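Presented below is the structure to which this report refers.
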Amino acid sequence: MRVLVTGSAGHLGEALIRTLENTNHEVVGLDIVASHFTSEVGSIVDRSHVKRCMKGVDAVLHTASLHKPHVITHARQDFVDTNITGTLNLLEEATSVGVESFVFTSTTSAFGGALTPVTGAPAVWVTEGVRSVPKNIYGVTKTTAEDLCELFHRDHGLACLVLRTSRFFPEADDCDAIREAYDDGNVKANEYLYRRVDLEDVVRAHLLALERAPSIGFGRYIISATTPFLSDDLFDLRVNAPLVVRRRVPEYEAEYERRGWKMFPSIDRVYVNEKARRDLDWKPRYNFEYVLRRLRSNEEFCSALSITVGSKGYQTENFRSPLPSRMR
């Protein structure tokens with residue numbers, strides 16, 4: 001199978017190509033940035049370039065995107081061009097050559113305002129049934145791209161799955177208050193309870209989606225670590241998250257005390273991956289219990305693949321970038 005991977009110089013794109021290179025698949029890496037994993041340098045906004053790259057392709061893993069940190073460094077039109085027009089170009093060319101599977105990497109950020117409960121409300125139990133309320137141009141363009149995927153399945157029969165991934169990048173948190181109050185490892189360990197996933201598990205989900213897209217047709221899936229929480233915990237999570245973690249994973253306290261770490265006082269949402277585990281037969285390996293086992297052994301709790309790919313740097317560089325005048 002000939003597989004086109006867009007965004008091949010990014011975290012996920014590189015990880016996918018590294019993994020696919022150890023299979024019988026032929027891989028084409030497309031990115032605007034030259035890299036060891038980019039065989040075709042160019043933009044998905046360039047329809048003629050996309051057409052050339054799509055020749056002979058059987059499947060597409062579309063990870064290329066402008067991301068949330070780019071909101072303060074790029075114009076809104078840039079997001080429309082890359083995330084919407086670029087995706088449309090790929091869908092149209094994929095349809096024209098009879099691509100068998102199209103997997104679109106979206107984000108849990110697409111849920112937007114739906115992730116923030118009002119004061120006094122319980123934490124949000126986030127399933128695919130939660131209605132998106134995009135709160136910035138990033139969210140708007142990602143949900144629009146998702147809708148384009150659904151349109152091409154409905155109108156052209158393109159087998160297309162949308163994977164809404166939670167946090168998997170290794171960069172520090174984008175919130176100043178969080179970075180100042182918590183050790184970086186502490187933040188990431190906490191997030192495995194409700195909003196983080198390891199890069200290796202994300203790659204596995206994408207490859208399973210590639211296999212299963214023809215039989216499923218179209219679907220949206222949340223890709224996040226399996227939470228130990230239950231829906232019954234949602235009220236308590238908002239007011240006393242440590243209490244709930246002690247209830248579900250009591251052994252965490254001793255290890256956190258040994259390290260001088262602390263649990264977040266409140267958790268406002270929980271991503272639920274049940275549908276992806278069921279439909280894709282996805283078995284994510286990395287969760288909070290796994291993290292604790294590794295911490296107790298004084299070992300890294302992220303995967304070897306995540307360590308190998310490492311940090312790309314663009315997120316943390318953009319967190320404090322000035323807002324361009326054209327976006328004020």
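Here, each number is a calculation from the coordinates, and none is a lab measurement. Note that the structure is a prediction, hence the values are computed from the model and not measured. Glycine gets a Cβ as well: all are built from the backbone with ideal geometry, and neighbour counts include every protein chain shown.
Listed values, structure above:
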quantity: Between the stretch 193-237 and the stretch 95-123, the Cα center-to-center distance that results, in Å; calculated: 11
quantity: Spin-label pair residue 128/residue 151, simplified geometry with 7 Å Cα→Cβ offset, distance in nm; calculated: 2.1
quantity: FRET E, pair residue 211, residue 119, Förster distance 41 Å, beta-carbon r, rounded to 0.05; calculated: 0.40
quantity: Contour excess over end-to-end distance, with Cα ends at residue 26 and residue 230 and 0.36 nm allotted per residue; calculated: 69.2 nm
quantity: Ratio of Rg to Rh over the chain (Cα coordinates, Kirkwood Rh, two decimals); calculated: 0.96
quantity: Filter on 135/188; 55/283; 142/312; 262/283; 55/135 - keep pairs with C-alpha separation over 26 Å; calculated: 55/283; 262/283; 55/135
quantity: Relative contact order of the chain, defined on C-alpha pairs under 8 angstrom at six or more residues apart (%); calculated: 19
quantity: Point-to-point label distance, residue 184-residue 296, nm (Cα→Cβ direction, 7 Å offset); calculated: 2.7
quantity: For 93, 289, order by how many other beta-carbon atoms lie within 10 Å, fewest first; calculated: 289, 93
quantity: Efficiency of FRET from Cβ geometry, residue 175 and residue 97, R₀ 41 Å, rounded to 0.05; calculated: 0.40
quantity: Order of 220, 277, 196 under a 10 Å beta carbon neighbour criterion, fewest first; calculated: 277, 220, 196
quantity: From phi via Karplus (6.51, -1.76, 1.60), per-residue ³J(HN,Hα) for the stretch 280-296 in Hz, x at Gly/Pro; calculated: 9, 6, 7, 10, x, 8, 9, 9, 5, 5, 4, 4, 4, 4, 5, 4, 5
quantity: Residues 38, 87, 119, 144 arranged by fewest to most Cβ contacts within 10 Å; calculated: 119, 144, 38, 87
quantity: Stokes-Einstein D for the stretch 25-108, Kirkwood Rh over Cα pairs, 10 °C, 1.306 mPa s (µm²/s); calculated: 119
quantity: Difference of contour (0.36 nm per residue) and Cα-Cα distance, residue 274 to residue 135; calculated: 47.5 nm
quantity: Theoretical FRET efficiency, 1/(1+(r/R0)^6), r = Cβ-Cβ of residue 257 and residue 48, R0 51 Å, to 0.05; calculated: 0.30
quantity: Fraction of alpha-carbon pairs over 26 Å apart in the stretch 23-165 - percent; calculated: 28
quantity: Residues listed by number, the stretch 7-25, amide nitrogen under 16 Å from residue 41 label point at 7 Å toward C-beta; calculated: 7-10
